[in-house]
Structures are given as structure tokens and as C-alpha cells.
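Worksheet: the structure to be examined is printed underneath.
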Amino acid sequence: MIRAYPAAAIQAAEEPVLAATPADALMVQAAGALATTVLRELRALGARRPGSVVLLLVGGGNNGGDALYAGARLARRGLVVLAALCAGTVHERALATARSAGVEVHPLRSGAELDVLALLTLARRAGVWVDALTGIGAAGGLREPLAGAVRALDDERLASPDEPLVVAVDVPSGIGVDDGALPGPVLPAHVTVTMSAPKPGLLLPPAAALAGRIEVVDLGLDAALAAGAPETAARLTAADAADLWPVPGAADHKYTRGVLGLVAGSARYPGAAVLATSGALGAGVGMLRYLGPPEPAALITARHPETVPGPGRVQAWALGSGIDPAAADRAAAVREALAQALAEDLPVVADAGALALLPERLPATTLLTPHAGELAALLRSRGHDVDRAQVEAEPLRHLRAAVDATGATVLLKGATTLVAGPHGPVHAQADGTPWLATAGSGDVLTGITGALLAGCAAELRSDTRRGGDLLARLGATAALVHGRAGVRASGGGPAGATDVARAVPGVVRELIEGEP
Ligand SMILES: NC(=O)C1=CN([C@@H]2O[C@H](COP(=O)(O)OP(=O)(O)OC[C@H]3O[C@@H](n4cnc5c(N)ncnc54)[C@H](OP(=O)(O)O)[C@@H]3O)[C@@H](O)[C@H]2O)[C@@H](O)CC1
Ligand SMILES: Nc1ncnc2c1ncn2[C@@H]1O[C@H](COP(=O)(O)OP(=O)(O)O)[C@@H](O)[C@H]1O
Ligand SMILES: [K+]
């Protein structure tokens, strides 16, 4: 699991190490890793080391110090290094080291003014920009004059025929370090070299999209971080998903593997039921019982004759895909299944139409799977004044609000899918491809999720009693598999939801065989 710690936790873990080591030892170590990344990126671009020009964007804190020490190292390796000092005062020892190593130093700040024209002239000379304006010590979005400077650099980057390589130090300056918000301008990075552990803002949308590839520099703080406050954001890896995946043993039969009850599809949207079924069967559900009208039922049986129509005992429910909550008969079927699930303490995944049919409070064994528009509607139904754009701008805040308002675990779909319950960190999965943004794709996810809930129903019940977050991890696992199925189905081009569902068994097989 990739664990992300907020700024305060990193600072608390650093404190005793800083007190026990010589001045700047940790920073020099961090800078060494940063310099190595810059050299590696240049090599990957086919650039020659002598003659390559690197621009350091240096702010007034230790983040700027990291860049200056790294710049010193790069200058000693034959690179031309320009330091644009964007704060009135910068880390003094790091600056002295940079100067004596041959870094060209350009003080650009005078009081509240920053010489943006001079900055752009330096920027045009450099093939690599190192963004070290602010790191975890920053509060809020970048203030002027740094905000204006970043806007100008971003315009320059877009206009430049040879787009510079941007390496962010610790975080892209100006992101919401702890929540992934974008309160102001931010220079998008190709690579972020982050110290000790990822920060939540590197995993969470919308900021995560500006962080590029993330490289974590081990500064020996892992034990201290693990002993402190728990991570606030996390991302499951393929190995985590494989550990959670229910793999049948010799003693299993279809009932022990889990039966999923599916209330999805309608005469108007019959395909949603087929896609959810395909997702669930592809994910290896023991049995699927379908409850719905004749049109989707006939389609499902034609496509998947292994499906069992009609009611019976189940271990989990998947509800709502392809159901209009205004259609009285289908709404009644969803409500009935939900009431049964709640009475029997069974896990439920509630999607699409079911999201408008929920009781006020739900148990933590319920997983809601809205997209941003549906999350906004869910919150509005509980008295919050919020629209889709606001959810997209601050997805974590609104996800948490939905968890608080319902008591359920919530999976917010998007390019990065977020999953959080009443306990534990938010899981941020970015395993898919934009080709997944296609009608019916979410129905496949509902099926995959339902299969997982049915397969893990007993563990889920006891985990929920203990106040665990297994349901969120299962939701994240489903998102990971769904994302990978999208990538596999797409192969870089278009794929329909049917193709995504077809790719699911291969993805699961690779996971449990241990492929990365
Ligand atoms: N601790 C260590 O030894 C190690 C730490 N490490 C590194 O240190 C970094 C943390 O350093 P840090 O704590 O000095 O803060 P940092 O992120 O540079 O920001 C402070 C500067 O930003 C400014 N500023 C703040 N908010 C702003 C805003 N909204 N808009 C504009 N400016 C704003 C603020 O100015 P002020 O607000 O005081 O006027 C000040 O000048 C960390 O991310 C990692 O890179 C590594 O070297 C490993 C060892
Ligand atoms: N830009 C994107 N990149 C990757 N995945 C995406 C993107 N946009 C949407 N998705 C994924 O596609 C699926 C869309 O689901 P949903 O909005 O419910 O569609 P539908 O209701 O048509 O099935 C979700 O799993 C979501 O995470
Ligand atoms: K930075």
C-alpha cells in the first residue's frame, strides 16, 4: 500500500532526526536524490550532461534549500545551473554551497516585487525547471508575487517549442498538500521527487494530476511515520488487491464463494443489467441471482445462461444501475432489496438510481458508488448546497461530507476514484484510462464490486464490527481491477463497456498470479 502522510506527520517524524543529525544532513541527502533524478531524466531525454541547463526556482524555505544543494551537485557534474531566487531571503548555507559549486545565482526579488521578465529569460535558457518555491511548509495557495510568476512560467511552458522538463521538489508548489486542492496556480510537473513519503495531495485529485510520476526519497523516517498518526490517504497496489481478492480453495462451492443479488436494469436501460452481470461473473462471483423485468432478464439469460433469475438467499446485493428512481416498480424493488440487506446485515453496493432511494442513515456495510454529479445530488438531498463542479474542485471534502451525512462508505468515481468510509484513510485509485469514460462503464464496476462483497461478506461483517475499513479497501480493489480492465481493453484506443467487462478475468488472473 502506498501511504501518504500529511505535512504535520512528516514534520513530527523529522523533528527528532533533525535534532540528532548535523545541520542540513537530511536536506543534503534529499538533494542528492533530487540531483540523481534530474540526471536520470536528462539521460532518458537523450540530453548531453555538459551543456544541459537547469533552472532552480528557489523559494524562501527548506524546499528551496533542497534545490540549491541539488543544484550544487549538478553544477559539479558539469551542468549549467541557474538559481532564480524568488524570495527575499533563501536558505543561506545551501546558497553558499551552490555559489561555490558554480551555480549562477540570480536574485529576482525586491520587496514585494519579483522580476518576472528576468525569470522568463532564465527559463528560456533551461531545459529543466526545478520547482522549489514551496513544499510542506506552505499554507494555502501561492501568494503574489509567486502566483504571478508561476502563471507566467506556465504560459511560457505551453508556448515553448521544446517543452521544459519540470521536476517538483517534494510537491508541486501551491497544491493543497494535505487535501489535493488547487487553490491557485501550479506548475504541472513531469516528476515529483517527494521526501520520506508521499503527501496526500500527490494522490488526491485534482492536484494529483499535476504531480506527474512520483519518486519517494527514503530518508529513514519510515519507522517514525508508522509509529505516529496513521496515514490519511492511501493507494492500493496490485499486490494489495491480490491479497484482498477472494480466491477459491478446494473446499469451496458456489455458495461459500458468495451469491450476489442484482437489482439493476429496466425496460428503458436493459443493458446496465447485462453489464453489471458481466462484471460480476468476470470477477468470479459464485452465483448471481437477477431480480428484474423480462426485457433485461431475457438479455442476461441469452448472454450469461449461468445467471439464476428470481429471488433466493444471497450474501451481498448490487443495486441501482440502469434504474430510474422515478419508475415506481423498479424503485420498489431496490427499496425491498435494501430493506432485506439491512435486516440481514448484508453488504450492499448502491449505484445510480439506488442513490436516490436510500434511507437517511446507512450502516458502514453499505458502499455507495456515485460519480461527481450523483454525489452532489446525494449531498443536496441531505441539505448541502453543492453542485457537480464544486465536487470536482474539492472531491475529498465532499466525499467526507457524504460519508458523514450517510454513515456509509462512499466510492466517488472519476479519473482518480476515491473511496472512504467512517474509519481509515481515503483510498485514491488511478489505475484506469480516460477511455473508461464511456456509457455503461460504471455498471461493470458495480458488478465487480458486488462480486467482491459477496465473496468477502463474512470478513466484512466482522471487520465492520471492529470499526475497520475493509469495505473501503474492497471498493478500492474493485476500482483497481476495473481501471486495469479498461487499460487492457483499450490498449491505447477506444473500448466499450462490454470490452471492459470481457477484460476483467484476465486482469484478476494476472493479479493473483502476482504480476505487478
Ligand atoms: N525539515 C527538513 O530538514 C527537511 C525538509 N525538507 C524540505 O523542506 C520543505 C519544508 O520546508 P519549510 O518548512 O521550510 O517550508 P517550505 O515548504 O519551503 O515553505 C516555506 C516558504 O514558503 C513561503 N510560503 C509559505 N506559504 C506560502 C504561500 N501560500 N505563498 C507563497 N509563499 C509561501 C514561506 O514564506 P513566508 O510565508 O514565511 O513569508 C517560506 O519562504 C519540505 O517540503 C522539503 O522540501 C527536506 O529537505 C528534508 C529535510
Ligand atoms: N477520465 C477518466 N479516466 C479514467 N477513468 C474514468 C474517467 N472518467 C470516468 N472514468 C471511470 O469510468 C466509470 C464511469 O462510470 P459512470 O459515470 O457510472 O458511467 P455509467 O453510468 O455510464 O456506467 C467510472 O468507473 C469512472 O471511474
Ligand atoms: K515544490
Next on the checklist: Within segment 12-108, considering only strands (runs of 3 or more DSSP E) that don't extend past its boundaries, which have at least 2 residues that are touching a strand residue (DSSP E or B) at 6+ places or on another chain (Cβ under 9 Å) and aliphatic (A, V, I, L, M)?
Outcome noted: 53-58, 80-85
Checklist entry - If you go through segment 161-177, how many residues are within 15 Å of ligand 3 (Cβ to nearest atom) and not in a strand (DSSP E or B)? => result 8
Checklist entry - What number goes with the only condition from (1) closer than 25 Å to Ala197 by Cα; (2) in contact with a helix residue (DSSP H, G or I) (Cβ under 6 Å, 6 or more places away or on another chain); (3) not β-branched (Val, Ile, Thr) that Ala75 does not pass? => result (1)
Item to check | Flag for Leu412 being buried (at least 24 other Cβ atoms within 10 Å of the Cβ) and within 11 Å of ligand 2 (Cβ to nearest atom) | outcome: yes
Checklist entry - Consider Pro296 against the criteria (1) surrounded by 22 or more Cβ atoms within 10 Å (Cβ to Cβ); (2) modelled with pLDDT under 95: it satisfies all of them except one. Which criterion is unmet? => result (2)
Checklist entry - Among the listed residues His427, His423, which satisfies the condition of being in contact with a helix residue (DSSP H, G or I) (Cβ under 6 Å, 6 or more places away or on another chain), assigned by TED's automatic domain parsing to the domain that holds Pro370 and touching a residue at least 24 places away in the same chain (Cβ under 8 Å)? => result His427
Checklist outcome for this item: Conditions (1) in the same structural domain as Gly486 (by TED's automatic domain parsing); (2) modelled with pLDDT of 95 or more -> Arg213 fails only (1)
Checklist entry - Among the residues of segment 372-399, which ones are among the basic types (Lys, Arg) and touching a residue at least 24 places away in the same chain (Cβ under 8 Å)? => result Arg382, Arg397
Next on the checklist: The conditions are (1) at pLDDT 95 or above; (2) more than 30 Å from Pro516 (Cβ to Cβ); (3) under 34 Å from the mean Cα position of the chain (by Cα), and Pro6 fails exactly one of them. Which is it?
Outcome noted: (2)
Checklist entry - Which residues, taken from segment 152-180, are within 15 Å of ligand 1 (Cβ to nearest atom), without any contact (Cβ under 8 Å) to a residue 60 or more places away in the chain and not aliphatic (A, V, I, L, M)? => result Pro172, Gly174, Gly176
Next on the checklist: For the list (1) in contact with a Leu (Cβ under 7 Å, 6 or more places away or on another chain); (2) closer than 17 Å to Thr449 by Cα; (3) surrounded by 24 or more Cβ atoms within 10 Å (Cβ to Cβ), I need the number of the one condition that Leu375 fails.
Outcome noted: (2)
Next on the checklist: Looking at the structure I just gave you, is Arg99 crowded, with 18+ Cβ neighbours inside 10 Å and away from ligand 2 (no atom under 16 Å from the Cβ)?
Outcome noted: no
Item to check | Selected residue (only one of Leu57, Leu74, Leu68 is away from ligand 3 (no atom under 16 Å from the Cβ) and surrounded by 24 or more Cβ atoms within 10 Å (Cβ to Cβ)) | outcome: Leu74
Item to check | Subset tally (residues that are of a type in the set (D, E, K, R), under 26 Å from Gly174 (Cα atoms) and touching a helix residue (DSSP H, G or I) at 6+ places or on another chain (Cβ under 7 Å)) for segment 207-259 | outcome: 2
Checklist entry - What number of residues in segment 83-96 are within 21 Å of Leu120 (Cα to Cα), of a type in the set (A, V, I, L, M, F, W, C) and surrounded by fewer than 21 Cβ atoms within 10 Å (Cβ to Cβ)? => result 1
Checklist entry - In this structure, does Glu156 turn out to be more than 9 Å from ligand 3 (Cβ to nearest atom) and in a loop (DSSP other than H, G, I, E, B)? => result no
Checklist entry - What is the number of the single condition among (1) more than 13 Å from ligand 1 (Cβ to nearest atom); (2) touching a residue at least 60 places away in the same chain (Cβ under 8 Å); (3) in contact with a Ser or Thr (Cβ under 7 Å, 6 or more places away or on another chain) that Leu202 does not meet? => result (1)
Next on the checklist: Based on this model, can you work out whether Asp162 counts as over 24 Å from Leu202 (Cα atoms), in the same structural domain as Pro206 (by TED's automatic domain parsing) and acidic (Asp, Glu)?
Outcome noted: yes
Checklist entry - So which of Asp385, Asp431, Asp443 is surrounded by fewer than 20 Cβ atoms within 10 Å (Cβ to Cβ), more than 16 Å from ligand 1 (Cβ to nearest atom) and of a type in the set (Asp, Glu)? => result Asp385
Checklist entry - When segment 120-151 is examined, which residues are found to be touching a helix residue (DSSP H, G or I) at 6+ places or on another chain (Cβ under 6 Å), in a helix (DSSP H, G or I) and within 15 Å of ligand 1 (Cβ to nearest atom)? => result Ala149
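The values are calculated or read from the model by the stated rules, or taken from the named source; none is laboratory data. Quick caveat, the model's predicted, so the values are computed rather than measured. Backbone-built Cβ (ideal geometry, glycine too); neighbour counts: all protein chains shown.
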